[in-house]
Amino acid sequence: MKKLTVLAIAATLSSAAFAAPETYTLDGTHTLPRFEYNHMGYSQQLSRFDKATGTITLDRAAKTGSVDVTIDTTSVNTGYGLFNQHIQGEDFLDTAKYPTATYKSTKVNFDGDKVASVEGNLTLKGVTKPVTLTVKSFQCMPHPMLKKDACGATATAIVKRTDFNMGKYAPYVGDEVTITLPVEAIKQ
């Protein structure tokens, strides 16, 4: 009997030490990537993409994870239909050749129990560059309406559009673009 108790305790401790990674699927209605740039010194223009998919995997006990996001670049939304077409043209997103942009992590960095940053590769217009997302907020908890665990975050990075062969009108239209990725994801 004593041997069984010791084995049961050992099994419990080992399963707690090796918590399994949890995978979350992005909620497309609450994951709307945005981009912001300076327009000729007049204003900061803000646009978004209306369609994004992907997964986030977290092992909070081991403080590891991965992020895989695909953005439908044909869903760009500037607030003006004619300008959406302009941004989708060859000089910028070239959505006829490159209908998606992707971000794939290489490392997820934690600060305590929270994700602090994500290192990875952004592929945009056929060009892949390393980009680190700084996580400004991070929260995992039971979703009150879906009755499932969910995680949410808002992450940002600054990239140069000239690095992705989209430099038309630079420097008059700002080369630096702030990307903001607000995500909500539901546990699979």
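The values are calculated or read from the model by the stated rules, or taken from the named source; none is laboratory data. Small disclaimer: the values here were computed from a predicted structure and weren't measured. FYI the Cβ positions are ideal-geometry reconstructions off the backbone, even for glycines, and counts take in every protein chain you see.
The residue that is nearest to Ile158 (Cα to Cα), among those in region 23-37 that are buried (at least 17 other Cβ atoms within 10 Å of the Cβ) and touching a Phe, Trp or Tyr at 6+ places or on another chain (Cβ under 9 Å), is Phe35.
Residue-wise test of (1) of a type in the set (A, V, I, L, M); (2) free of Cβ contacts under 8 Å to residues at least 12 places away in the same chain.
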residue: Thr70; (1), (2): no, no
residue: Tyr80; (1), (2): no, yes
residue: Pro99; (1), (2): no, no
residue: Lys104; (1), (2): no, no
residue: Asp113; (1), (2): no, no
residue: Ala116; (1), (2): yes, no
residue: Asn121; (1), (2): no, no
residue: Val127; (1), (2): yes, no
residue: Thr154; (1), (2): no, no
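Could you tell me which residue of region 104-132 is farthest from Thr57 (Cα to Cα), considering only residues that are surrounded by 17 or more Cβ atoms within 10 Å (Cβ to Cβ) and hydrophobic (A, V, I, L, M, F, W, C)? Only one residue tops the list, namely Leu124. Among the residues making up region 64-75, those that are closer than 27 Å to Lys187 by Cα and either surrounded by 15 or more Cβ atoms within 10 Å (Cβ to Cβ) or of a type in the set (Asp, Glu) (or both) are Gly65, Ser66, Val67, Asp68, Val69, Thr70, Ile71, Asp72, Thr73, Ser75. For region 141-156, taking the residues that are closer than 21 Å to Val131 by Cβ and among the aliphatic types (A, V, I, L, M), the one that is surrounded by the most Cβ atoms within 10 Å (Cβ to Cβ) is identified as Ala155. When Lys104, Lys168 are screened for being assigned to a strand (DSSP E or B) and not polar (S, T, N, Q), only Lys104 passes. Taking each residue of region 8-35 that is within 30 Å of Thr178 (Cα to Cα) and at pLDDT 50 or above and looking for partners that are assigned to a loop (DSSP other than H, G, I, E, B) and not hydrophobic (A, V, I, L, M, F, W, C) with beta-carbon atoms closer than 7 Å, six or more apart or interchain, yields Thr23/Gln188; Tyr24/Gln188; Thr25/Gln188; Gly28/Lys51; Leu32/Asp50.
When residues in region 62-105 are screened for being closer than 15 Å to Phe49 by Cβ and either in contact with a Leu (Cβ under 7 Å, 6 or more places away or on another chain) or aliphatic (A, V, I, L, M) (or both), 8 of them pass. The set of residues from region 157-167 being of a type in the set (Val, Ile, Thr) and buried (at least 16 other Cβ atoms within 10 Å of the Cβ) comprises just one member, Val159. Under the condition of being surrounded by 16 or more Cβ atoms within 10 Å (Cβ to Cβ), in a loop (DSSP other than H, G, I, E, B) and at negative phi, the residues counted in region 79-100 number 4.
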